[in-house]
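The values are calculated or read from the model by the stated rules, or taken from the named source; none is laboratory data. These numbers were taken from a predicted model, which means no experiment stands behind them. With ideal geometry, Cβ positions are generated from the backbone for all residues, glycine too; neighbour counts draw on all protein chains shown.
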Amino acid sequence: MTRDILIIGGGVMGLAIAVELKLRGAKVTVLCRDFQAAASHAAAGMLAPDAEKITDTAMKSLCWRSRSLYPDWTAKLEELTGLNTGYWACGILAPVDQQSGSREAEAQGNKEDSPAYWLDQTAIHQYQPGLGAEVVGGWWYPEDAQVDNRALVRVLWSAAESLGVELKDGITVEALLQRQGQVVGVQTNTGVIRAEHYVLATGAWANDLLPLPVQPRKGQMLSVRVPESVTELPLKRVLFGDNIYIVPRRNRSIIIGATSEDVGFTPHNTPAGIQTLLQGAIRLYPQLQHYPIEQFWWGYRPATPDELPILGASHCSNLTLATGHYRNGILLAPITAALIADFIWEQKSDPLLSHFHYSRCQQQPSTSPMFTHSANFSNGHSQLTPVLTSHSPLPIPDSPLTIAGKSFHSRLMTGTGKYRSIDEMQQSVEASGCQIVTVAVRRVQTKAPGHESLAEALDWSKIWMLPNTAGCQTAEEAIRVARLGREMAKLLGQEDNNFVKLEVIPDQKYLLPDPIGTLQAAEQLVKEGFAVLPYINADPMLAKRLEEVGCATVMPLAAPIGSGQGLKTLANIQIIIENANVPVVVDAGIGAPSEASQAMELGADALLINSAIALAQNPAAMAAAMNLATVAGRLAYLAGRMPIKSYASASSPLTGTISS
Ligand code: GLY
């Protein structure tokens, strides 16, 4: 049974799941980047599946179940902590004005299973005095409710703390470290943290760690205060109008929300946003115009394309997803916590979870083919050839290749050397789908063949240059050439390019790198602010030392440069992959796509292939093949290969088959 669980995200969802799992006996850690930034603080706390007019059947059911858990769930938390959550079964009144649709249209949105009552003009004004003159009727949803969301997250935090959940605030998770269909750790700003199981509950920021279609949808809000001169609370239920809601708290605060803006993570309140809210609120409940303003704020709802959450299994067997709750995060916290805890702790998957599986958001290969048109690489004949590019959607979500904070979709790097012509080089780079091309600084300086017009030969606004120190025999030379490489990148318009592929190669016959010179040069270049990608023999100890001095990757060779001998150093590369916390780029020696694929299958993060492409009879076709092989190998690695067995195992087992 899974015991040690790491939850990424310290908002209402992460905390609710943490408390639930802890109560069931798990060891739980929560990593929180910034407790105050969570959408949970920005929300209004409405528990409003009816007023929100949710139409998706499974979603409605999820929301209703969650709303019905609220009384007991908050009571339990309050008992644990002695604190108040502000849960209030106050009901929600949804006034309708002349402009907003007919009564029939409204009625269609409501189903018998959650009660809703129509109040005509007289009834609604009697029931709720003080409504705007334009209100002609409205719906009363007695089962909708509210909770003081800010109090709730404080209570959850305190409950988690008192139960012994390890809460770490101020920790940024930078990457999920994945190996063979498993998460093996999370890279944070304070180092790697490991657990047996992981939960991703990072709301609008989910996309930073996995390619999930979660986008921020900004909401601006404000609150006013009922003046002390007004003795009795004028509002004792939520008012839910057209694009406006008014949520009265028992402590005399009244929350007014919320805009819904597709502006990414653009912070701050704006005059336009606040004006819209104030106009809408005053129209609905005019006496608010005299109340003192308390506070303005904003937050980011985690929106998915179908506005439904992403819950349950992920592409990694030990990673569970709980994100994308959009407008209903506070409402859905108790049911999400219960279903996710059942899923992780009891291996019990509620039938509802399948509706919220992440795969619904992936483009299906059948409807959106993984084949895209790429450059023509046939010999002179103009035609578009279908090529799988690494930009195509994969049936498994994958994180980008991230080197020194810069992300790349392609995991194949190429070079510019050894081509028979500039044309061939250009076509090959294009066909390879690569985003990083390494360039020998010395060859550019000496205008070696093929390097005279490199500035114009490739589109450096799309391709990231990786200057290399090929031809340097000592650490000192390599350091000097690396500095020139940085200038070269600047001249090509890559002002922020601090990358260098470090090669220190004294021996000309085998072109084997000098480990001591490489380590010395790496130390110095890291100090000078370079992102160092050292080319090394496949030596696991050296790889570790280079990582420790701050190198951005390690680039072990598979066989001598340009030899095309394939994966000669495989066993050591495997050890390097197993131990590395930086990307492992297999460089040199790969001669055929099958070898490229094999290296990726084993978990290499990327490949650098030059000679095998440049010296092929048709370099562009080989570049495309290497691209396919890299993507295939990566996909296989993420999918996790079947275990190797000593004996045959029938494809159609006899148990459970029909026998005559
Ligand atoms: N749940 C209300 C909102 O997201 O604005």
Within the stretch 29-43, restricting to residues that are surrounded by 24 or more Cβ atoms within 10 Å (Cβ to Cβ) and outside any strand (DSSP E or B), the one that is nearest to the ligand (Cβ to nearest atom) is Ala43
Count, please, the residues in the stretch 186-208 that happen to be at negative phi and either small (Gly, Ala, Ser) or crowded, with 19+ Cβ neighbours inside 10 Å (or both). 11
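Every residue, every condition in (1) over 22 Å from Phe356 (Cβ atoms); (2) hydroxyl-bearing (Ser, Thr, Tyr); (3) within 16 Å of the ligand (Cβ to nearest atom); (4) not in a strand (DSSP E or B), yes or no:
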| residue | (1), (2), (3), (4) |
| --- | --- |
| Glu174 | yes, no, no, no |
| Gly185 | yes, no, no, no |
| Val199 | no, no, no, no |
| Trp205 | no, no, no, yes |
| Leu212 | no, no, no, yes |
| Gln220 | yes, no, yes, no |
Any chance you could count how many residues in the stretch 247-275 are farther than 17 Å from Arg150 by Cβ, within 16 Å of the ligand (Cβ to nearest atom) and among the β-branched types (Val, Ile, Thr)? 3
Strands (runs of 3 or more DSSP E) lying entirely in the stretch 283-327 (those with 3 or more residues that are within 16 Å of the ligand (Cβ to nearest atom)): 293-303
Any residue in the stretch 334-349 that is outside any helix (DSSP H, G or I) and crowded, with 19+ Cβ neighbours inside 10 Å? no
When you look at Ser66, is it closer than 29 Å to Gln347 by Cα, within 16 Å of the ligand (Cβ to nearest atom), modelled with pLDDT of 95 or more and polar (S, T, N, Q), yes or no? yes
Between residues in the stretch 137-155 that are surrounded by 24 or more Cβ atoms within 10 Å (Cβ to Cβ) and assigned to a helix (DSSP H, G or I) and residues that are modelled with pLDDT under 95 and not polar (S, T, N, Q), which pairs lie under 9 Å by C-beta distance while being six or more apart or on different chains? Asn149/His41; Asn149/Ala42; Val153/Phe35; Val153/Ala38; Val153/His41
Could you say which residue among Ile17, Ile7 is buried (at least 24 other Cβ atoms within 10 Å of the Cβ), touching a residue at least 12 places away in the same chain (Cβ under 8 Å) and either in a helix (DSSP H, G or I) or not hydrophobic (A, V, I, L, M, F, W, C) (or both)? Ile17
Filter result for the condition that a residue is in contact (Cβ under 8 Å) with a residue 24 or more places away in the chain, under 22 Å from Asp398 (Cβ atoms) and touching a helix residue (DSSP H, G or I) at 6+ places or on another chain (Cβ under 8 Å), over Pro334, Pro309: Pro309
Within the stretch 592-606, is even one residue at positive phi and either buried (at least 24 other Cβ atoms within 10 Å of the Cβ) or assigned to a loop (DSSP other than H, G, I, E, B) (or both)? yes
Total residues in the stretch 222-234, condition assigned to a strand (DSSP E or B) and of a type in the set (S, T, N, Q): 1
